[in-house]
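Here's the structure we're looking at; comments come further down.
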Amino acid sequence: MTTAQRSVGKASAKAPAIVMVFALIAVAFLFIPLIGLLLETPWAQLPALLTSTTATEALRLSIVTSLLAAAVATILGVPLAWVLARKEFTGQRFVRAIVLLPLVLPPVVGGVTLLTAFGRRGLVGQYLYDWFGIQLPFSTAGVVMAEAFVAMPFLVITVEGALRNIDTRYEQVARTLGASPRTVLFRVTLPMISASLVAGIVLAWARALGEFGATITFAGNFPGVTQTLPLAVYSTLEVSRDEAIALSLVLLAVSLTVLVSLRGRFLGSRT
Amino acid sequence: MSVTARVVTHIGDFGIDAQIEARPGETVALLGPNGAGKSTVLKAIAGLVPIEDGCIRIDSTPVDEPASGTFIPPEHRRVGMVFQDYLLFPHMTVQQNIAFGRKSLKMPAGKFNDDDTWVHALDLTDLLDRKPEQISGGQAQRVALARALATNPRALLLDEPLAALDAATKQSVRGELRHFLQRFEHGSLLVTHDPLDALVLADRIVVLEDGRVTQVGPTAEVASQPRTDYLAALLGVTLHRGVAADGVIACESGGTLIASTSVTGDVITVIRPQAISLHTHKPEGSARNVWQTTVTTVEAHHDQMRVTLTGPPQLTAAVTPAAVAELGIAPGQQLWARLKATDITVHPA
């Protein structure tokens, strides 16, 4: 590396004044809202606010649906990541684009697409209803679907990246030792990418926990059935600002915990 | 058991068509420059790469034969393979690594006890609870070997088994590996680009250049009579097996050599033909090996003349065409040969 390159990003680098000014503004922009939330938190009433029916039901629903969504994303997403990383097939680019779409698609649009597919008169939904009497929209199952739809790409890209990075000769050795492709997957491949797999699951879960747009569009906002924490925050904001703040604080605490637990991977520190 | 293979395949524009065989108890080195297709041949035999034509048999059973549509997947071939950098599973202990194959094959994994001769023979008892990152390169090589052998494979494939080791470790591990291969009852195939590995470890050498076999023969024969330019540049050495004691080596084929070595017991000596000088009269000087001999053949190789000398010990000398003219070297002629003790490389066998 040249000297010029090496000095970039080091503590000793001399920053132009304008860079420092804008960097500070950026930090303030991100940090001040957090301060605002903490300052306005009605700490004394917090226990009461968090044990209200709205709060406990939303919290319970959020935990259940986000864990189920993370499970769905893992069970479907790991095989998808494996196929994308290890197989070559026509239409691969198209499939990858479809996988990544929910990352950039506004969640509310994701909710609309789910409605058109799984709604009572949707592409698939009409048959589910006519043949099995299954109605996904505006149900708790619909919440899980909406969350999984938005969260799965996080798991797929994390796991696919890890699968591309491991030396596939470990898998070849395992085959010569008598392991079937399935044994290789469970005893060699997945254990070797376990750190990335956990990171992918946690990211997917965190995304599912915070999901709002797709959920409210596809599953609605019914307390006890589809009203998850983010929806409860939105609903209570008009009624009780204090309760909205208390619920926001819960989500903030969860997000911070996730971030800290994954810091080795995503904050650029040494793993 | 034996391995017989004719591997026909290609990687991009590069075509491979190679025939190779390892009989029971025999170690065959597949020697060739980088990119000659050696590793691909080995992977094909292991079942990791399908062949396009030809046939791979273990004993008389075809395991890959495109003509008849036979393809036995690697997990059912029971062929042990050791890769260049050993590839011990990093998330398992040494013991779990060794047990992996038995577990996969639903063989009784059991504990490692006296039945596990390889664990003992390879001196792994103290390493069983360690993780691969906690052991040395030489130890990792032994673990990889034990792991490959734990399933009682019907043949052993070694891909550059010493290339990942530093020079000092390489010497001792090479000796251990030779000792082990001599006792292995099935056929072994060893891929290497290092002529020394082939000379010390193999009973026979198959030379692979550009995807084609260019020479096959017993190790000593291939070493002393290289038929391609690549091999002549690489080898052209004379090998003698013998027994060493106090720096004196009694050659198996007769005669003695004096070498500067502290190794005792069974050895292989490697002598470069350039190290031997030829004289019409008994040479003066401090060289420890001076003897009178008769020329059997003289042939041109590159810009050098290779002169074979009757023993004992039988040797090949390489001299310049000018020296041949000056000394009038011709078959049947009596000459004095001289060789310094330090020019004899001695490897424990």
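The values are calculated or read from the model by the stated rules, or taken from the named source; none is laboratory data. Since we're looking at a predicted model, the values are computed, not measured. Note that we place each Cβ from the backbone using ideal geometry, even for glycine, and neighbour counts take in every protein chain shown.
Observations, loosely collected:
- Yes/no for B:THR228 being β-branched (Val, Ile, Thr), in the same structural domain as B:LEU162 (by TED's automatic domain parsing), in contact with a Ser or Thr (Cβ under 7 Å, 6 or more places away or on another chain) and more than 27 Å from B:GLU176 (Cα to Cα): yes
- Some residue of segment B:39-46 being over 30 Å from B:SER136 (Cα atoms) and surrounded by 18 or more Cβ atoms within 10 Å (Cβ to Cβ): no
- Residue within segment B:17-33 that is assigned by TED's automatic domain parsing to the domain that holds B:LEU196, out of contact with any Ser or Thr (no Cβ under 9 Å at 6 or more places or on another chain), in contact (Cβ under 8 Å) with a residue 60 or more places away in the chain and surrounded by fewer than 23 Cβ atoms within 10 Å (Cβ to Cβ) present: yes
- Looking only at residues in segment A:231-248 that are in a helix (DSSP H, G or I) and surrounded by fewer than 18 Cβ atoms within 10 Å (Cβ to Cβ), the one that is farthest from the chain's Cα centre (by Cα) is A:VAL239.
- Hits in segment B:211-229 - residues which are in contact with a Gly (Cβ under 7 Å, 6 or more places away or on another chain) and either on the phi < 0 side of the Ramachandran plot or surrounded by fewer than 14 Cβ atoms within 10 Å (Cβ to Cβ) (or both): B:PRO226
- Candidate set: segment B:49-87, residues that are free of Cβ contacts under 8 Å to residues at least 24 places away in the same chain and not in a helix (DSSP H, G or I); chosen: the one farthest from B:GLU133 (Cα to Cα): B:GLY69
- Hits in segment B:310-327 - residues which are free of Cβ contacts under 8 Å to residues at least 60 places away in the same chain and either closer than 18 Å to B:ALA232 by Cα or touching a helix residue (DSSP H, G or I) at 6+ places or on another chain (Cβ under 7 Å) (or both): B:ALA317, B:VAL319, B:THR320, B:PRO321
- Filtering segment B:159-173 for residues that are touching an Asp or Glu at 6+ places or on another chain (Cβ under 9 Å), within 14 Å of chain A (Cβ to nearest Cβ) and within 22 Å of B:GLN19 (Cα to Cα) leaves a non-empty set.
- Taking first residues from segment A:168-181 that are facing another protein chain (nearest Cβ under 7 Å) and partners that are of a type in the set (D, E, K, R) and not in a helix (DSSP H, G or I), the Cβ contacts under 8 Å between residues at least 6 apart in sequence or on separate chains come to A:THR176/B:ARG77; A:GLY178/B:ARG78.
- Looking at segment A:176-230, the helices (runs of 4 or more DSSP H) lying wholly inside it that each contain 1 or more residues that are within 13 Å of the chain's Cα centre (by Cα) and of a type in the set (Phe, Trp, Tyr) sit at A:194-210.
- Test: residue in segment A:11-30 that is at pLDDT 90 or above, closer than 22 Å to A:LEU237 by Cβ and out of contact with any Gly (no Cβ under 6 Å at 6 or more places or on another chain): yes
- Any hit, segment B:32-44, residues being of a type in the set (Lys, Arg) and in a loop (DSSP other than H, G, I, E, B): no
- Looking only at segment B:137-148, and only at residues there that are under 24 Å from B:HIS76 (Cα atoms) and more than 19 Å from the chain's Cα centre (by Cα), the one that is surrounded by the most Cβ atoms within 10 Å (Cβ to Cβ): B:ARG147
- Only one of the listed residues (A:ARG96, A:ARG60) is touching a helix residue (DSSP H, G or I) at 6+ places or on another chain (Cβ under 8 Å) and surrounded by 10 or more Cβ atoms within 10 Å (Cβ to Cβ). That residue is A:ARG96.
- Residue tally, condition over 19 Å from A:GLY210 (Cα atoms), in contact (Cβ under 8 Å) with a residue 12 or more places away in the chain and not aromatic (Phe, Trp, Tyr), over segment A:110-136: 6
- Residues that are surrounded by fewer than 15 Cβ atoms within 10 Å (Cβ to Cβ) and either in contact (Cβ under 8 Å) with a residue 60 or more places away in the chain or not hydrophobic (A, V, I, L, M, F, W, C) (or both), drawn from segment B:328-349: B:GLY328, B:PRO331, B:GLY332, B:GLN334, B:THR342
- Against the test of being surrounded by 17 or more Cβ atoms within 10 Å (Cβ to Cβ), acidic (Asp, Glu), closer than 30 Å to A:PHE222 by Cα and away from every other protein chain (no Cβ under 11 Å), the options A:GLU147, A:GLU160 yield a single qualifying residue, A:GLU147.
- Being polar (S, T, N, Q), surrounded by fewer than 24 Cβ atoms within 10 Å (Cβ to Cβ), more than 10 Å from chain B (Cβ to nearest Cβ) and closer than 16 Å to A:VAL150 by Cα is not true of A:THR228.
- Qualifying positions in segment A:112-133 - farther than 18 Å from A:GLU147 by Cβ and part of a loop (DSSP other than H, G, I, E, B): A:ARG120, A:ARG121, A:GLY122, A:LEU123, A:VAL124, A:GLY133
- Of all residues in segment B:197-210, those being under 16 Å from the mean Cα position of the chain (by Cα) and surrounded by fewer than 19 Cβ atoms within 10 Å (Cβ to Cβ) number 1.
- Hits in segment B:58-108 - residues which are within 9 Å of chain A (Cβ to nearest Cβ), among the charged types (D, E, K, R) and touching a strand residue (DSSP E or B) at 6+ places or on another chain (Cβ under 9 Å): B:ARG77, B:ARG78
- Selection count, segment B:1-14, where residues are surrounded by fewer than 22 Cβ atoms within 10 Å (Cβ to Cβ), part of a strand (DSSP E or B) and in contact with a Lys or Arg (Cβ under 9 Å, 6 or more places away or on another chain): 1
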